[in-house]
Amino acid sequence: MGERPETCPWAGFRDPDIAEVLRAYDWFESGQCDEWWGSDPEWWLVEGVRYYHRALGRARVDAIKTERVNRGPKGPSLPPGMAVVDEIRG
C-alpha cells in the first residue's frame with residue numbers, strides 16, 4: 001500500500017489491542033456496534049477501528065486495480081503450433 005512497515009506486519013496480530021480492534025471491527029461491519037462496544041467505548045478502540053476500516057478499503061481498491069491490470073485485454077488466441085512473427089500497431 002505504499003507504506004514501508006517499520007516492523008514485521010504479522011507481529012502486530014499478537015498485540016492484544018490489535019486483536020481487540022479486529023474483534024470490534026466485526027461488529028462495526030455488521031452494524032451492531034452498540035451491542036458489543038457499549039454506549040461509551042474507549043477512544044483508542046474507535047480510532048483503531050476507523051484506521052483499520054480505511055486501510056482495509058485502500059487494500060481492497062489496490063487489489064481490484066491489480067486484478068484489472070493483470071487481467072487486461074486478451075488478444076485472439078492462435079491455433080496450436082502457430083506463433084506471432086510481427087505485430088502491427090497503428
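Observations on the structure shown:
- Extended-chain gain in nm, criterion 0.36 nm per residue less alpha-carbon gap, residue 82 and residue 55: 5.1 nm
- From most to least packed by mean Cβ count within 10 Å, the peptides 3-12, 40-49 give 40-49, 3-12.
- For the chain, the longest principal axis of the C-alpha atoms and the axis of helix 16-29 are separated by about 70°.
- Listed values [x] 0.98; [y] 1.30; [z] 1.83, entry calculated as Rg/Rh (Cα atoms, Kirkwood Rh): [y]
- With Cα atoms, 0 to 90° folded angle of helix 43-71 axis to the chain main axis: 10
FYI, it's all coordinate maths here, none of it is from the lab. If you're wondering where the values come from, they're calculated on a predicted model, not measured in any experiment. FYI the Cβ positions are ideal-geometry reconstructions off the backbone, even for glycines, and counts take in every protein chain you see.
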